[in-house]
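Rule-based calculations on the coordinates, nothing more; no lab input. Predicted model, so just to flag it, every value in this text is computed and none were measured. Every residue, glycine as well, gets a Cβ built from its backbone with ideal geometry; the counts of neighbours run over all protein chains shown.
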Amino acid sequence: MDAIYIPHLLTAPQRTMGFQFKEFFPTLETLTPVRGHFRVTYKTTFLEVMAKAETIVTLTCHRCLQQYNHRLSVDTSEIIWLGVSPNDMDAEHLAEEVALEDLVETVSPQGYFDPQDWIYQQLCLALPLRQLCSGDCQPPQPTQAHENDEIIDGRWAALKALKQQFPG
């Protein structure tokens, strides 16, 4: 996906540019290409951005540490203000106090908008915070070889092997 030069949106039909995509994102490990459609509309003072995308990612369960596949999908939209970004402000503007309601994402009206980066961010935000392979997933049960042996949780085996490499 190429970045969109924002002034070109003024000459697009209905000031809108849209496309379908099917591609792998270099910074997002997925089993299938990210598929979906994207649309950006130039309004007078803002861009209206919409996307619908889906892919399959491999996650690691937070309880049992097994890997599992998860269908990741987004159906989202966002308003991005056209204006001066904090990087473009001169020293006089930086000294001004910024109100909480002014803390929104902005792009320069003479700049570029990167749809791939925006879609990537939306997919990352859609990743589940609590990654469980199933609703009834149970952590591994500690094993005890003999009565007098200590209980060993298999998840700590790599750390125990590393610890044995160092004296003391």
**Prompt:** Counting only residues 5 or more places away or on other chains, whose amide H sits under 5 Å from the amide H of ASP114 once H atoms are built in the peptide plane?
**Reply:** ILE4
**Prompt:** So how do LEU28, LEU65, LEU82 line up by other beta-carbon neighbours within 10 Å, fewest first?
**Reply:** LEU65, LEU28, LEU82
**Asked** Check ALA12: other-chain or 5+ apart residues with amide H under 5 Å from its amide H, H built from backbone geometry?
**Response** none
**Fill in**
Computed from the beta carbon distance with a Förster radius of 45 Å, FRET efficiency for LYS160 and GLU54 to the nearest 0.05 stands at 0.65
**Request:** For the stretch 123-134, just list the computed ³J(HN,Hα) in residue order, Karplus coefficients 6.51, -1.76 and 1.60, θ = phi - 60°, integers in Hz, with x standing in for Gly and Pro.
**Result:** 5, 5, 5, 8, 4, x, 6, 9, 9, 10, 5, 7
**Sequence of TYR120, TYR42 once ranked by neighbouring C-beta atoms within 10 Å, starting from the fewest** = TYR120, TYR42
**Asked** Tell me which lysines have Cα within less than 29 Å of LYS52's Cα, excluding those fewer than 8 residues away on the same chain?
**Response** LYS22, LYS43
**Prompt:** At what distance in nm do the modelled label points of THR32 and ASN69 sit from each other, each positioned 7 Å from its Cα along Cα→Cβ?
**Reply:** 0.8
**Fill in**
Per-residue Cβ contact counts at 10 Å, fewest first, order THR30, THR106, THR58, THR44 as THR44, THR58, THR30, THR106
